[in-house]
Amino acid sequence: MERRHSRLTYTLITIVSLLTVAPVVMLVIGSFSKNLRAFGDFTLSKYIAVYTDPMLVETAGNTLVFVLGSAAFATVLALFLAYLNNRTNIPFKFLFKVLSVVPMMIPHVLFAVSWALLLNPSNGILNMWLQQLFGLAKAPFNIYSMPGMIMVEGLLDLPIAYLIISPAMASFDVSLEESSRVFKGGPMRTLFKITLPVLRPAILAAFILCIVRVLASFAVPSVLGMPGRIYVLSTYIYRTVTMSLIADYGKAAAIGMSILVLSITLIYIYRYYTRFSDKYVTISSRGFKPAVVELRKGKIPLFIMLIIISFILIVLPVLVLLYTSFIPYIMVPNGQAFAAMSLANWRTVISDPISIKSLGNSLFLGIVGATVGSFLSILVAYVIVKVKTKASGFLESISFLSFSFPGIVIGIGFMWFFVRTPLYATIWALFFGYIATYLPYGIRPMTSAFVQIHGSLEESSLVCGASFATTMRRVVIPLLVPGIVSGWVLMATMFFRELSLSVVLSRPGTEVLAVQILRFSEDGQWGKLSALGLIMIFFSTLMVVGVNLIGNRFKPGEAKDRKPA
Amino acid sequence: MQITITGLKKHYHSEGKTIRALDGVNLTIEANKIFTLLGPSGCGKTTLLRCIVGLETPDEGEIKIGDTIVWSNEKNIYVPTEKRELGMVFQTYAIWPHMNVFNNVAYPLQNMKMPKDEIAKRVAKTLKFVQLEGFENRPATRLSGGQQQRVALARALVAEPKVILFDEPLSNLDAKLREETRKELRMFLGELGITAVYVTHDRVEALALSDMIGVMRAGNIVELGTPKKIYFDADHQFVADFIGRANLIPAKVTEETSEHSLVTTAIGSVVCQKRSFDPSDELTLCIRPEFLDFKPASDAINRITGVVEQMVFVGEVYESEIRVGTELIFAKLDPQTTLKEGDHVTFSMKPEHCLLVSR
């Protein structure tokens with residue numbers, strides 16, 4: 001048993017290292033190399049070229065504003081919504097659950113595009129409508145701007161911030177606030193001296209995680225930033241490898257290094273704070289009932305606000321895409337627009353070989369990639385939870401390394417890697433790249449499932465004469481079904497809509513959906529984009545629903561054996 | 001400071017049902033006494049306390065602290081909690097986890113905008129009083145249950161409020177610590193001599209700590225009195241039963257003299273202390289197990305014979321049940337007794353210990 005475990009551990013360390021450590025190493029070496037063909041030929045010229053680029057100052061400034069602005073917007077909005085849900089008597093609380101889950105199913109690139117369709121300065125639907133309504137000479141809003149980018153990116157990161165802050169708010173011991181009131185603290189003083197400081201670990205954790213995600217964000221900066229020539233670091237890298245005459249992967253690697261270092265540092269700080277937050281939770285004593293704040297005059301306006309936010313996050317993007325997919329060119333919804341509606345865009349997309357190719361590729365990557373990724377995740381999670389050795393600790397840290405990888409940066413690292421292998425420009429480059437980058441998302445739900453399985457269950461199977469493989473297949477895996485399902489769904493949806501890694505690694509013949517949508521967006525082919533985007537949302541939803549149904553069929557009988565958490 | 005509560009009502013609505021948490025409470029809590037609200041869970045005692053402190057808003061009535069009306073629906077007065085100048089110890093202690101002991105205790109003074117050196121002096125004095133000297137810089141997350149309790153007490157005392165409120169402050173401590181802390185609390189409060197309102201469902205706590213007890217049931221104060229009055233001389237069966245172990249036997253008055261009443265019960269005729277009742281009241285004979293005399297004189301009044309049905313040795317006594325007719329009488333027997341299950345036994349009850357209560 002022991003020997004088997006250690007062999008498994010070292011095999012996994014080798015595989016995971018190839019997936020997560022190799023691209024980082026290649027990125028570092030690449031950043032000191034002359035070009036893709038002169039790998040390892042040491043030079044500092046790329047660093048000098050990139051970090052003396054006068055554009056970089058502006059780009060870094062934009063990045064700082066974009067990152068801090070979006071993260072702050074998402075965190076403040078999440079804090080507000082978490083408060084409404086957990087601490088007030090606002091009606092229709094199920095909306096909060098919907099708000100925290102459903103937006104994850106809408107690909108970021110489509111969400112960004114739907115806002116471009118609504119609020120772009122030349123023919124944004126909402127802009128044109130407002131112009132007609134008030135007789136304005138020019139468009140009132142321009143989404144191709146820093147505030148526009150911050151708003152859209154902030155809304156995209158709202159669910160993740162909410163998922164971190166809401167549980168902290170739910171376990172908040174209300175008597176902490178009440179005692180402040182008794183001891184002469186007014187409502188404002190209580191908010192700033194007690195409530196917010198007690199929640200600080202969760203708020204900071206949400207803020208930092210949002211920063212890391214925004215730093216890695218590519219969809220919003222490319223769809224909404226680039227048309228207005230507002231570059232942030234991720235689009236700056238993109239431009240370096242795609243838009244100049246000679247793609248310079250050395251420069252891209254050199255700039256990518258600083259994003260990677262920043263990202264990893266922030267994730268360490270994030271982990272520090274989430275560890276800290278547990279400590280605060282444990283002090284809240286048993287037997288308290290969450291006091292609900294009676295909303296009186298504020299109830300209706302706050303509820304309307306909640307409806308608007310839900311509408312903007314969930315309904316609006318789909319609605320805009322649906323409308324656009326039927327009209328020949330962008331116009332305000334009116335009689336004329338409805339008369340001009342046709343299936344033309346849908347027909348063009350369905351007969352467009354590249355779109356169909358990209359759909360096929362994305363489906364393959366989503367389904368097969370997530371299956372292989374889940375299998376690897378099961379093994380890694382097993383070793384992390386059940387084998388407590390130094391080697392398994394090392395495996396854990398390299399597996400979660402890619403949690404802090406910005407897609408486009410690690411894409412550059414993979415580029416340096418794959419170009420030296422036959423995998424270059426094949427679908428397998430994307431395949432392994434995806435698994436490497438999103439491995440933590442597969443492992444996380446499985447580790448929590450493994451923690452719930454008591455060691456004696458496996459041991460009894462071994463005592464009964466079953467081999468290790470049989471034990472896994474007959475005992476361990478059936479108990480893991482809920483964890484496997486959520487891990488698979490997370491990976492499949494992320495693979496299916498992957499953009500930032502794909503824009504670097506995708507080549508003719510290996511197009512994927514999100515990249516194809518970005519191309520349509522760059523060319524302004526909104527009708528075709530919308531049709532393809534809806535097809536994407538349809539398949540994505542189908543995968544989530546389908547797998548959950550299959551998972552549910554496994555649950556009932558098996559769940560009884562599970563040790564309560 | 002005296003607290004006067006008049007006609008206080010508070011109703012909750014949940015799932016179509018109305019819960020009368022406070023059903024027109026009238027109560028005067030005397031100044032500089034320890035007053036305990038005692039009752040089973042859900043009787044409204046905590047709601048009443050939270051109304052006094054202002055964390056909950058009543059529907060009707062008036063609350064006066066000293067000469068100040070802090071809440072009145074008729075006069076449309078609401079003084080917010082932070083302006084009521086009270087001290088309070090919460091059931092969960094509500095020690096702020098992001099502050100150290102000093103800042104927790106100093107918080108009320110900081111809100112009063114007191115000068116820094118004065119705050120330091122007052123906090124030091126209060127921490128010394130609760131025997132937490134030298135704990136100033138200890139983070140709140142690194143305190144034991146008993147220490148948290150003292151910090152909570154120090155914080156409630158530091159601003160020298162005229163009234164201090166306790167919401168089941170000992171219920172989160174383990175049994176041994178609870179007993180010790182109860183003694184300390186009795187000592188602290190005795191030294192301070194301020195008005196204290198104490199909420200608990202623990203009868204021993206109520207008896208040990210209070211100058212006055214108000215027993216609550218279903219949103220009403222059923223009975224008010226000193227611990228001895230409540231224990232020995234309750235008017236209501238509910239109160240007599242709640243405050244301690246008692247044998248309760250339905251009774252009917254058949255004869256009355258100037259000092260005694262003769263009642264018939266399932267265990268026979270019993271001579272009781274005379275009490276006046278409303279003629280429509282149904283009565284119960286209440287006799288506490290410690291008043292059963294198992295070495296009765298042959299001419300003792302209220303001699304009763306029964307059969308020992310069960311004896312359980314619990315250390316200091318035998319807890320036993322004695323069958324008399326259709327009733328089972330609970331008794332505490334000498335642990336050295338030679339009686340055993342099935343034996344006949346005779347006991348007597350002094351008339352002054354036989355209490356008639358209304359049902």
### Message
Give me the inter-chain shielding for A:184-196: mean count of other chain Cβ atoms within 10 Å, whole number please.
### Response
4
### Task
Quick one: order B:Glu180, B:Glu85 from most to least accessible surface, probe 1.4 Å.
B:Glu85, B:Glu180
### Task
Between B:Leu37, B:Leu207, B:Leu262, find the one with the highest GNM mean-square fluctuation for chain B; connect C-alpha pairs within less than 10 Å.
B:Leu262
## Note on the structure
Whole-Å distance linking the alpha carbon centroid of region A:345-377 with that of region B:124-181 is 64
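Tell me the relative contact order for chain B as a rounded percent, counting alpha carbon contacts under 8 Å between residues six or more apart.
Numbers: 748 pairs, mean separation 56.3, N = 359.
The value is 16 percent.
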### Query
What number, in nm² with one decimal, is the all-direction average of the projected area of the convex hull of the alpha-carbon atoms of region B:238-356?
7.9
#### Entry: Reduced Cα scattering model of region B:3-232, Debye log10 I(q)/I(0), q = 0.08, 0.10, 0.18 Å⁻¹
-0.30, -0.47, -1.37
### Message
Explain nothing, just compute: Karplus ³J(HN,Hα) = 6.51 cos²θ - 1.76 cosθ + 1.60, θ = phi - 60°, for every residue of region A:399-405 in order, whole Hz, x for Gly and Pro.
### Response
6, 8, 4, 6, 4, 9, 7
### Zero-based 5 Å bins, Cα pair distances in region A:179-255, whole percents
3, 14, 14, 13, 11, 7, 7, 8, 7, 6, 5, 3, 2, 0
### Task
DSSP loop (so not H, G, I, E, B), at most 10 other Cβ within 10 Å: list which trypsin sites (Lys or Arg not before Pro) in region A:1-71 pass both filters.
A:Arg37
### Query
For B:Phe166, which sequence-distant residues (separation of 5 or more, or a different chain) have an amide H within less than 5 Å of its own amide H, given hydrogens modelled in the peptide plane?
B:Val89, B:Val197, B:Tyr198, B:Val199
### Task
Quick one: what are the phi-derived ³J(HN,Hα) couplings along region B:304-321, Karplus 6.51/-1.76/1.60 with θ = phi - 60°, whole Hz, x for glycine and proline?
9, 10, x, 10, 5, 9, 8, 9, 10, 7, 10, x, 5, 9, 9, 8, 9, 10
### Message
Considering only protein heavy atoms and a probe of 1.4 Å, how much of the accessible area of region B:268-359 is carbon and sulfur, as a whole percent?
### Response
47
### Message
Please list, by residue number, every one of the trypsin sites (Lys or Arg not before Pro) in region A:342-406 that is coil in DSSP and has at most 15 other beta-carbon atoms within 10 Å.
### Response
A:Lys388
### Message
If amide hydrogens are placed 1.01 Å from N in the peptide plane, which non-local residues have theirs closer than 5 Å to the one on B:Cys354?
### Response
B:Gln273
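Would you kindly calculate the translational diffusion coefficient of region A:1-58, applying Stokes-Einstein with the Kirkwood radius from alpha carbon pairs, for 37 °C and a viscosity of 0.692 mPa s, and quote it in µm² s⁻¹ without decimals? Could you put the intermediate results ahead of the total?
Numbers: Rh = 14.1 Å.
Here the translational diffusion coefficient equals 233 µm²/s.
Whole number in Å², please: accessible area per residue of region B:3-232, 1.4 Å probe, ligands, DNA and RNA not counted.
Numbers: 9900 Å² over 230 residues.
Spelled out: the 1.4 Å probe surface of region B:3-232, per residue, equals 43 Å².
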### Message
Over region A:397-453, with the other protein chains present, what is the accessible area per residue in square angstrom, probe 1.4 angstrom?
### Response
27
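To the nearest hundred square angstrom, how large is the accessible surface buried between B and A, total for both chains, probe 1.4 angstrom? Mind dumping the intermediate values first?
On the way: alone 18060 and 25750 Å², together 41300 Å².
Its buried surface, counting both partners, is about 2500 Å².
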### Query
So how much slack lies between A:Asp41 and A:Ile308, counting 0.36 nm per residue of separation and subtracting their Cα-Cα distance, in nm?
90.5 nm
### Task
Pick out which of B:Asp278, B:Asp59, B:Asp343 has the largest mean-square fluctuation in a Gaussian network model of chain B, springs linking Cα atoms closer than 10 Å.
B:Asp278
### Task
Starting from the Cα of A:Phe94, step 7 Å along the direction of its Cβ; do the same at A:Ile350; then give the gap between the two resulting points in nm.
3.4
### Message
As an exercise, take the mean of 1/r over every pair of distinct alpha carbons in the protein assembly as shown, invert it, and state the Kirkwood radius in angstroms.
### Response
33.6
### Dimensionless Rg/Rh of region B:72-199 - Kirkwood Rh, Rg from C-alpha atoms
0.98
### Task
Pull up all non-local amide H partners of B:Arg217: gap of 5 or more, or a different chain, and H-to-H distance under 5 Å with H placed in the peptide plane.
B:Val222
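Can you tell me what share of the DSSP beta bridges in the protein assembly as shown is antiparallel? A percent to the nearest 5 is fine. Walk me through the numbers before you get to the answer.
Details: 67 of 86 bridges.
The answer is about 80 percent antiparallel.
Mind checking the mean number of beta-carbon atoms from other chains within 10 Å of the Cβ atoms in B:136-145? Mind showing how you got there, number by number?
Values: counts 0, 0, 0, 1, 1, 4, 2, 1, 0, 1.
Going residue by residue through B:136-145 and averaging, the value is 1.
Counting DSSP beta bridges with both partners in region B:3-232, what percentage is antiparallel, nearest 5?
Values: 27 of 44 bridges.
In region B:3-232, approximately 60 percent of DSSP beta bridges are antiparallel ones.
Restricting things to Cα coordinates, could you compute the convex hull volume per residue of region A:361-497 in Å³? Before the final figure, lay out the partial values.
Working: hull volume 16.3 nm³, N = 137.
Convex hull volume per residue, Cα atoms: 119 Å³.
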### Query
Ordered by residue, what ³J(HN,Hα) values in Hz, to whole numbers, does region A:153-166 give under the Karplus form 6.51 cos²θ - 1.76 cosθ + 1.60, where θ = phi - 60° and Gly and Pro are x?
5, x, 5, 5, 8, 4, x, 5, 5, 5, 5, 8, 7, 4
### Task
From other protein chains only, count the Cβ atoms within 10 Å of every residue's Cβ in B:96-108, then give the mean.
4
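For chain B, what is the calculated [θ] at 222 nm in deg cm²/dmol (nearest 500), taking -39500 (n - 2.57) for each run of four or more DSSP H residues and dividing by its residue count? If you can, show how the numbers build up before the last one.
Values: 8 runs with 85 residues, N = 359.
When only DSSP H runs of four or more count, the value is -7000 deg cm²/dmol.
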### Query
Taking region B:254-312, which trypsin sites (Lys or Arg not before Pro) meet the DSSP loop condition and have no more than 16 other C-beta atoms within 10 Å?
B:Lys274, B:Arg275
### Message
Using only DSSP helix segments of four residues or longer, with each worth -39500 (n - 2.57), what per-residue ellipticity at 222 nm results for chain A after dividing by its residue count and rounding to 500?
### Response
-22000 deg cm²/dmol
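The values are calculated or read from the model by the stated rules, or taken from the named source; none is laboratory data. For clarity, every value in this text was computed on a predicted model and none was experimentally measured. Every residue, glycine as well, gets a Cβ built from its backbone with ideal geometry; the counts of neighbours run over all protein chains shown. Quick note on the areas: whole protein, heavy atoms, side chains included, nothing else; ligands and nucleic acids left out. Shrake-Rupley method; radii C 1.70, N 1.55, O 1.52, S 1.80 Å.
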